[in-house]
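Novice: Structure below; questions to follow.
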Amino acid sequence: MTGLRVAVVGGGIGGATAALALGRLGVDVAVYERRASVPPVGSGLGLAANGRRVLAELGLGTALDATGAPIGTMRLLRADGTEVAHYDTGRLLGMRRADLVRIVLDGLGPGVVHQGRDCVAVVADTERPVVRFVDGSSTWADVVVVADGLRSRCAGAVATPPALRPSGTSALRGFVDGRGLPDHLSTGQNAWLGPDRHLLSYPVDRHGTLNFAAFVPRPAGSADEWSFRVDAQTVRDAYAGWDPDTRAILARATEVYRYDLADRDPFAPWVRAGVVLLGDAAHPMLPHMGQGANQAIEDGAVLAALLDGAGGSADVTERLAAYEATRRPRTDRIQEQSRRNGERFSGARDLTSGGDRGPTQDLSWVYGYDAGAAGRAAAAGLRTS
Ligand SMILES: Cc1cc2nc3c(=O)[nH]c(=O)nc-3n(C[C@H](O)[C@H](O)[C@H](O)COP(=O)(O)OP(=O)(O)OC[C@H]3O[C@@H](n4cnc5c(N)ncnc54)[C@H](O)[C@@H]3O)c2cc1C
C-alpha cells in the first residue's frame with residue numbers, strides 16, 4: 001500500500017489502463033469519466049503486441065483473446081486489388097474499441113470509475129492538485145492524471161499544447177457483417193492504397209464483424225464538427241471502380257461515421273505540480289501506425305511502475321519527471337512516423353516502389369517494446385541515482 005491518492009480524468013483506453021495498473025499496485029485510484037456509459041458502438045482498432053503485452057501482464061489476456069480477432073497477415077494492395085506485399089502483423093488483435101474499454105474497466109474494482117463526471121478544469125500549483133467538475137464539485141489527489149483525449153480540456157493545467165493540426169484527411173468508418181466474404185477478407189487485414197486515398201479493413205470480433213476505415217481527402221467546406229454520421233453511399237462513391245473486394249465490403253455498410261483527422265506537434269512539458277498528461281492528451285497522433293491506443297496503454301504501465309512505492313511530493317515530482325523522460329522520445333518518434341505514413345499511404349507514388357510506403361518498414365522497435373519492464377527499469381534507475 002503506497003498511501004498515494006491518484007485521480008484520473010478520462011476513462012478511455014489510456015486512463016482506464018493507468019488506473020488498472022495503479023490499482024494492481026495498491027494505489028488508491030479514482031477515474032472520472034464524462035460519459036455516462038461506454039458507447040455501445042464506436043469504431044475498431046488494432047491492439048498490437050506492445051499493447052497486448054501490457055494488458056496481459058495486468059491479467060486481461062484471456063478476456064482479450066476471447067473477444068478480439070487475431071490477425072496474422074496484412075496484405076498491401078493496389079486500388080485494383082493486385083497484391084504488392086504481405087507481411088506478418090506481429091500478433092495484432094482486431095477489437096471493437098467499446099469491447100476493449102469495457103474489458104479494462106471491468107478489471108477495476110467497484111467504485112473506482114465515476115461516470116457522468118465532466119471535468120472542467122484541473123488546477124495545479126495548489127498544495128495538492130484539484131479536479132473541478134461541471135456541477136461545481138471538486139476533488140483533490142496527490143497525482144492527477146489527465147487522460148481526456150485528443151481534444152483535451154484539462155491539459156492546459158500543465159502546458160499550452162500547440163494547436164490541433166488537421167491532416168486534411170477524413171476517415172469514413174464503420175462495421176460490416178463479414179460473414180460469407182472470402183477468407184482473405186474476413187480474417188486478415190487488408191490495405192488498398194490508391195493515389196489520394198486508402199482503405200483499411202480487418203475483423204474485430206469472433207463473429208465475423210469487419211471494421212473498415214476509408215481515408216479520403218477531407219471534403220471542402222466541411223462543417224466545424226469533426227465527427228458525425230454520413231450517408232453510407234458516401235464511402236461507396238469514394239471507392240467506385242476499385243477492387244471488387246473493396247466494393248464487396250463497402251456494399252454492406254449501413255452506418256458510416258466521418259472523423260476528420262488531426263494531431264499536434266510534440267510538446268512539453270507533460271508534468272507540472274503533481275499533474276501529468278497521458279495518452280492522446282500528451283501525444284495525439286494520426287492513426288497511420290495504429291499506435292495511439294497502444295501508446296496510451298504503454299503510458300499507463302510506465303506511469304504505474306514509476307509511482308509504485310512513491311513517498312512525499314518531492315519524490316512524486318522526480319518520478320513523474322522520469323515518466324516523461326521515459327515516454328517522450330518514443331512517442332515523439334511514433335507521432336512523427338504516423339504523419340509520414342499518412343503521406344505515404346495516400347501519396348501519389350508508384351506502388352511498385354512498395355518498401356517506402358511504410359508497411360514493410362522494420363517495426364520491431366514498436367511491437368517488441370515491453371512498457372512494464374521499461375517503467376520498472378526507470379524506477380530502479382531512480383533508486384540507484
Ligand atoms: C480512424 C482512427 C483509427 C485508429 N486506429 C487505431 C488503432 O488501430 N490502434 C491504436 O492503437 N490506436 C488507433 N487509433 C487511436 C486511438 O483511438 C487513440 O489514440 C486512443 O483512443 C487514445 O486513448 P486515450 O485514452 O488517450 O483517449 P480517448 O480514447 O479519447 O479517451 C478519452 C476519454 O476521456 C473522456 N473525457 C474527455 N473529456 C473529458 C472531461 N472533460 N472530463 C471527463 N472525461 C473526459 C472521454 O469521454 C474519453 O472516454 C485510431 C484513431 C482513429 C481516429
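The values are calculated or read from the model by the stated rules, or taken from the named source; none is laboratory data. Quick caveat: nothing in here was measured; it's all calculated off a predicted structure. We place every Cβ from the backbone using ideal geometry, glycine too, and count neighbours over all the protein chains shown. Accessible surface areas use protein heavy atoms only, side chains included; no ligands, DNA or RNA. Shrake-Rupley method; radii C 1.70, N 1.55, O 1.52, S 1.80 Å.
Novice: Which of (1) within 14 Å of the ligand (Cβ to nearest atom); (2) closer than 23 Å to residue 345 by Cβ; (3) out of contact with any helix residue (DSSP H, G or I) (no Cβ under 8 Å at 6 or more places or on another chain) is the odd one out, the single condition residue 203 does not satisfy?
Specialist: (3)
Novice: Is it the case, given these coordinates, that residue 12 is in contact (Cβ under 8 Å) with a residue 12 or more places away in the chain, within 14 Å of residue 99 (Cα to Cα), within 18 Å of the chain's Cα centre (by Cα) and open to solvent by 20 Å² or more (accessible area, probe 1.4 Å)?
Specialist: yes
Novice: Any chance you could count how many residues in the stretch 40-50 are modelled with pLDDT under 95 and surrounded by 11 or more Cβ atoms within 10 Å (Cβ to Cβ)?
Specialist: Total satisfying the criteria: 3.
Novice: In the stretch 162-203, what residues are in a strand (DSSP E or B) and without any contact (Cβ under 8 Å) to a residue 40 or more places away in the chain?
Specialist: 200
Novice: I've got another one for you. Could you tell me whether any residue of the stretch 171-192 is of a type in the set (Phe, Trp, Tyr) and touching a Phe, Trp or Tyr at 6+ places or on another chain (Cβ under 7 Å)?
Specialist: yes
Novice: Looking for something within 10 Å of the ligand (Cβ to nearest atom) and open to solvent by 40 Å² or more (accessible area, probe 1.4 Å) - is there at least one such residue anywhere in the stretch 102-113?
Specialist: no
Novice: Just checking, how many residues over the stretch 38-56 are within 13 Å of the ligand (Cβ to nearest atom) and closer than 14 Å to residue 95 by Cα?
Specialist: The total comes to 11.
Novice: Counting only residues that are within 16 Å of the ligand (Cβ to nearest atom), in a strand (DSSP E or B) and not β-branched (Val, Ile, Thr), which one in the stretch 22-37 is farthest from the chain's Cα centre (by Cα)?
Specialist: 30
Novice: From 271, 302, 316, which residue is β-branched (Val, Ile, Thr), farther than 25 Å from residue 171 by Cα and within 15 Å of the ligand (Cβ to nearest atom)?
Specialist: 302
Novice: Being over 26 Å from residue 83 (Cα atoms) and touching a Cys at 6+ places or on another chain (Cβ under 8 Å) narrows it down to one of 281, 273, 232, 268, so name that one.
Specialist: None of the others qualify; the one that does is 281.
Novice: Condition first: under 26 Å from residue 208 (Cβ atoms) and touching a Phe, Trp or Tyr at 6+ places or on another chain (Cβ under 8 Å). Now tell me which residues in the stretch 246-287 satisfy that.
Specialist: If the condition is that a residue be under 26 Å from residue 208 (Cβ atoms) and touching a Phe, Trp or Tyr at 6+ places or on another chain (Cβ under 8 Å), then 246, 247, 249, 250, 253, 255, 257, 258, 259 are the ones that fit.
Novice: Still on this model: Kindly check whether there is at least one residue in the stretch 319-339 that is within 11 Å of the ligand (Cβ to nearest atom) and either at pLDDT below 95 or open to solvent by 30 Å² or more (accessible area, probe 1.4 Å) (or both).
Specialist: No, the conditions are met nowhere in the stretch 319-339.
Novice: Filter the stretch 242-264 down to residues that are more than 16 Å from the ligand (Cβ to nearest atom) and open to solvent by 50 Å² or more (accessible area, probe 1.4 Å), then give me how many there are.
Specialist: Of the residues in that region, 5 qualify.
Novice: Here's another thing I want to ask about it. Going through 156, 136 one at a time, which residue ends up being of a type outside the set (A, V, I, L, M), in a loop (DSSP other than H, G, I, E, B) and within 16 Å of the ligand (Cβ to nearest atom)?
Specialist: Answer to the selection: 136.
Novice: Something else about it: Which members of the stretch 57-84 meet the condition of being within 16 Å of the ligand (Cβ to nearest atom) and part of a helix (DSSP H, G or I)?
Specialist: 64, 67
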